[in-house]
Amino acid sequence: MTAPLPETRDTLVAALASTGDEARGRALDLIARAYHAPVVALLARRWQLERADAEDLAQGFFAQAIEKDWFTRYDAARGRFRPFLRSCLDDFARSEFRDAGRLKRGGGAAHVALTEVEVADADPGIERLFEQEWARSVLSLASGRLRDECTGTAREPAWRIFERYDLTDVPDDRRPTYAMLAAELGVPATPGDEPPRLGAASHARSRPLDGPLAHGRRDGVSR
Amino acid sequence: MSALPDEAVRRLRSQLALPPLIDGRYAPQEIVGRGGMGEVHRATDERLGRTVALKVLAADAAASTLAERLRRESRVLARLEHPGIVPVHDAGVLEDGRAWYVMRFVEGTRLDDHARSGAGRGELLRIVLRIAETVAFAHERGIIHRDLKPGNVMIGPFGEVLVLDWGVAKVLAEEDAPRSGVAPAPMPRGSDPLTADGTAVGTPGYMAPEQARGLEVDQRADVHALGVILRELLAESPDPVPKPLVSIVTRATEPDAPRRYRTVAELGADLRRWLDGEAVLAHREGLAERLWRFVRRHQTAILLLLAYAVIRTVILLWRGI
């Protein structure tokens, strides 16, 4: 089961439109970092590009978006930010390939007609891919920020538990239990339930939501 | 930090769906059930230190009729204090508008799974009897379940039979409610918002014909659903079904509501008669059947008499020789 992804926060969008260079620069940097991976994945899949070509095109997209202030044109009243960004990306990619007069496939070995790409628009897998990579990107950034916040503080054991319990690549039925992790890390635990001291781990579990995008209420993921 | 693996992303996104600590008191732990209306979480009541079940409306349904359904369910459950109905402890609305309520956490087996696990016919009939008692209790308080089915009945770890999912229950207007000495708690009533547009609520296959057509229903809709449940449970057994039981099912599931049992209590009473070896009202017995039932009901005494007669005969013959 996956949760619906929350909205991009209002304050981040407001920062994009602000006249303050620092706030605006930070917002743009944040958007570029959060959306880089999903944009690369989408370009590679939809336009059938090699990974390196998709990376180049993504860089071009963000450079042009910042240079031409595309993101500041976003109007929250007219819809969500993610579809807006996708729309900008589609326009950018189409324009790039029209200019080139052709689409490269496999490093330029083959050509793909634009009409063929239009068909790919209807592929629901592309939307799922974009959302999945967006989720991965935001959650990875948030987890990194949480790790930085906890490391070297009293909350480090909670982070360790969170990391071992929630961020592993093993299926649920093969994960260590809270009790095992508590014993391993020397954290007191109440038998049979999530230990009170590990309530911090529960808290940590929710921290990614406020993680790297904590400059406002709707700039990343919120509950 | 490097990109998280798929499993971690799946897990974190799943946790995003968990509601926040409600009122600083209920901490959701894991999703244990999910349906069209929302999700059920195993949660910890931090104040009392116990595990509870937390039912929360789905995130995208805060403003839908489902929200009213969940609120309705909590109110219905609150006025039905019965061993066969899971009690509600608390209710409220999240900041994002989603309704929630907290009830006793019960781990058990769905009736259909329980039936498939090899339960005997006698046990299954007694379970139907318990369902009938619970539903009859609700009818006495002017509440019709409208979605009885095996998936909405749980067999608890101590054998308790619990009737779940009262989300589409209908609250009869005072004048329509069956007579009872119990005054119902105040509750919005009158029109039925869940069927105001004439659409049917319930589960196809269990709904009475009038319910499926979106018409006004009374307690006989539950009689029909319980009859279908009984039929399905009887079909689990490889043995032929006794005619009186077939008659009970037939009477309960009559397409024409006036031809059914008038109440679930009547259906339960007929079922109890059969379990006690008595004649059931739904079935007209022939002489052979009546004789067989007499024999079955008094088989111990008859066997003793037969044994006595055989022994006496043997003794007499022995002396005669």
Fraction of accessible area attributable to carbon and sulfur, chain B (%, probe 1.4 Å): 55
Evaluated over the range B:268-315, the Cα radius of gyration and Dmax, each in Å: 14.5, 48
Chains B and A: how much accessible area gets covered up at their contact, both sides added, probe 1.4 Å, in Å² to the nearest hundred? 2500
Among the residues of the range A:153-171, which ones have their accessible area go down by 30 Å² or more when all the protein chains sit together, as opposed to their chain alone (1.4 Å probe)? A:Asp166, A:Leu167, A:Asp169
Charges at C-beta only: +1 for Lys and Arg, -1 for Asp and Glu. How large is the resulting dipole of the range B:99-158 about its Cα centre, in Debye rounded to 20? 60
Expressed as a whole percent, how much of the Cα-Cα distance distribution for the range A:50-96 exceeds 14 Å? 53
Taking just the alpha carbons, could you work out the radius of gyration and Dmax for chain B, both in angstroms? 24.9, 105
Computed, not fitted: 222 nm per-residue ellipticity of chain B from DSSP H runs ≥ 4 (each -39500 (n - 2.57)), nearest 500, equal to -12500 deg cm²/dmol
What fraction of the DSSP beta bridges in chain B is antiparallel, stated in percent and rounded to the nearest 5? 100
Rounded to whole Hz and in sequence order, give me ³J(HN,Hα) for the range B:233-238 from the Karplus expression 6.51 cos²θ - 1.76 cosθ + 1.60, θ = phi - 60°, writing x for Gly and Pro. 5, 5, 6, 5, 8, x
For chain B, accessible area per residue (1.4 Å probe, heavy atoms of protein chains only), Å²: 51
Each residue of the range A:27-44 in turn: what ³J(HN,Hα) in whole Hz from Karplus with 6.51, -1.76, 1.60 and θ = phi - 60°, glycine and Pro shown as x? 5, 5, 4, 5, 5, 4, 5, 6, 9, 4, 4, x, 5, 4, 4, 5, 4, 4
Principal axes of the range B:32-146: Cα extent on each, largest first, Å: 49, 31, 28
Select from B:Pro209, B:Leu77, B:Gln15 the residue farthest towards the positive end of the dipole of chain B; place +1 on Cβ of Lys and Arg, -1 on Cβ of Asp and Glu, and compute about the Cα centre. B:Pro209
Please tell me the relative contact order of chain B in percent, rounded to the nearest whole number, where contacts are Cα pairs under 8 Å and at least six residues apart. 12
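The values are calculated or read from the model by the stated rules, or taken from the named source; none is laboratory data. Keep in mind the model is a prediction, meaning the values are calculated, not measured. Neighbour counts run over all protein chains shown; Cβ positions are idealised from the backbone, glycine included. Side chains included, ligands, DNA and RNA excluded: accessible areas come from the protein's heavy atoms. Shrake-Rupley method; radii C 1.70, N 1.55, O 1.52, S 1.80 Å.
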